[in-house]
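Please read the structure below before turning to the comments.
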Amino acid sequence: MISFNYNEWLDEYNDCLTLFEMFGDEHYLLEATEVLHSLKAVLRRIDHNTKLTQCINNDVCRNYKYILSEDF
């Protein structure tokens, strides 16, 4: 399992949105959007790695890989 602390990212996102609401500066909104996109990308990678690990540990997947390796 990959260790990941998402609280810091969410804090930064919330801070940027609060600053945008207070001052109306588009820079804060763009920064909040960037933080959110980065967080989603990391979560997608974690999900992909989890699925890959499950596939590696699955007997059916291992047998399929073994069959493919015999052809080469």
From the backbone phi of region 26-33, what are the Karplus-calculated ³J(HN,Hα) couplings (6.51 cos²θ - 1.76 cosθ + 1.60, θ = phi - 60°) in whole Hz, Gly and Pro given as x? 4, 4, 5, 5, 5, 5, 5, 5
Ranked highest first by the average count of other Cβ atoms within 10 Å around their residues, in what order do 4-13, 25-34, 47-56 fall? 25-34, 4-13, 47-56
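Here, each number is a calculation from the coordinates, and none is a lab measurement. Note that the structure is a prediction, hence the values are computed from the model and not measured. Here Cβ is always computed from backbone atoms with ideal geometry, including for glycine, and neighbour counts include all displayed protein chains.
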